[in-house]
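Can you keep this structure in mind? I'll have questions shortly.
The values are calculated or read from the model by the stated rules, or taken from the named source; none is laboratory data. For clarity, every value in this text was computed on a predicted model and none was experimentally measured. Using ideal geometry, Cβ is built from the backbone for each residue, glycine included, and neighbour counts are taken over all protein chains shown.
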Amino acid sequence: MIGIGGLGHLAVQYGKAMGCHVTGFTTSPGKIGDIKSMGAEEVIVVDQEFKELANHQGKFDYLVNTLPVSEAGLIEAYLGTLRNCGTLIQVGVPEGGEKMQFSYASLVVRQLTVVGSLVSSVEETKETLEFTVKHGIRVRVEEFPFLEFPKALDRLENGRPHFRCVVNVKDFTSQYLQK
């Protein structure tokens, strides 16, 4: 799983619940314990030059990329970790219609597959929710009171939320309606 944030932390849990050997890729050494506690057997801390990825060439059958980036060097570095006939599953979508860039040699010579996923049918969503309940998959969030909405937004835009930021409007609404 590439990018263990808002979407990636769920991907780790789903992969584990499906019986997969899960490896998490992160640029945040501080998340290693969290990622392992979600079910990853291995965590690889990726440096900005992608040097660590060179130690994992041809190791993985599947990669799930939750990062909304299209940087050519990043995609190429991760494609190198796939085995021949491996699959990159792209779920993170960059803003502004950016194009994914990688060499054709990576795909053709190594027979790689690139697939995308965004939304599912109502039936698939229902099955996913049932699977989620059955396996105890939980979203990890930082919860902010409604009056701290600007703080939550700042953390989201300028900081790095610890997986997800959630603003509790229920408590505020309940207080407001009682008056």
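Filtering region 15-57 down to residues that are in a strand (DSSP E or B) and β-branched (Val, Ile, Thr), which residue is surrounded by the fewest Cβ atoms within 10 Å (Cβ to Cβ)?
Val45
While we're on this one: Quick one: in region 105-116, of everything that is part of a helix (DSSP H, G or I) and not hydroxyl-bearing (Ser, Thr, Tyr), which residue is modelled with the lowest pLDDT?
By that ranking, first place goes to Ala105.
Would you check which residues across region 1-14 are in a helix (DSSP H, G or I), touching a helix residue (DSSP H, G or I) at 6+ places or on another chain (Cβ under 8 Å) and under 18 Å from Arg160 (Cβ atoms) and list them? Let's see the steps before the verdict.
Here is the first cut: in region 1-14, the residues in a helix (DSSP H, G or I) are 8-14.
Still in the list and also touching a helix residue (DSSP H, G or I) at 6+ places or on another chain (Cβ under 8 Å): 9, 12, 14.
If the condition is that a residue be in a helix (DSSP H, G or I), touching a helix residue (DSSP H, G or I) at 6+ places or on another chain (Cβ under 8 Å) and under 18 Å from Arg160 (Cβ atoms), then His9, Val12 are the ones that fit.
Looking at this structure, is Gly15 within 12 Å of the chain's Cα centre (by Cα), in the same structural domain as Val108 (by TED's automatic domain parsing) and touching a residue at least 12 places away in the same chain (Cβ under 8 Å)?
Yes; evaluated as a whole, the condition is true for this residue.
Tally up the residues in region 112-140 that are closer than 23 Å to Val69 by Cα and surrounded by 12 or more Cβ atoms within 10 Å (Cβ to Cβ), please. Break it down stepwise before answering.
From region 112-140, those closer than 23 Å to Val69 by Cα are 112-120, 139-140; that's our starting set.
Then keep just the ones that are surrounded by 12 or more Cβ atoms within 10 Å (Cβ to Cβ); that gives 112-114, 116, 139-140.
The total comes to 6.
For residues that are out of contact with any Gly (no Cβ under 9 Å at 6 or more places or on another chain) and surrounded by 12 or more Cβ atoms within 10 Å (Cβ to Cβ), scanning just region 88-99, find the one that is farthest from Gly116 (Cα to Cα).
Ranking the candidates gives Glu98 first.
Let me ask something additional. Return the only residue of Leu74, Leu63, Leu67 being part of a strand (DSSP E or B) and under 16 Å from the mean Cα position of the chain (by Cα).
Residue meeting the stated conditions: Leu63.
Could you check how many residues of region 117-169 are modelled with pLDDT under 85 and farther than 30 Å from Leu88 by Cα?
0
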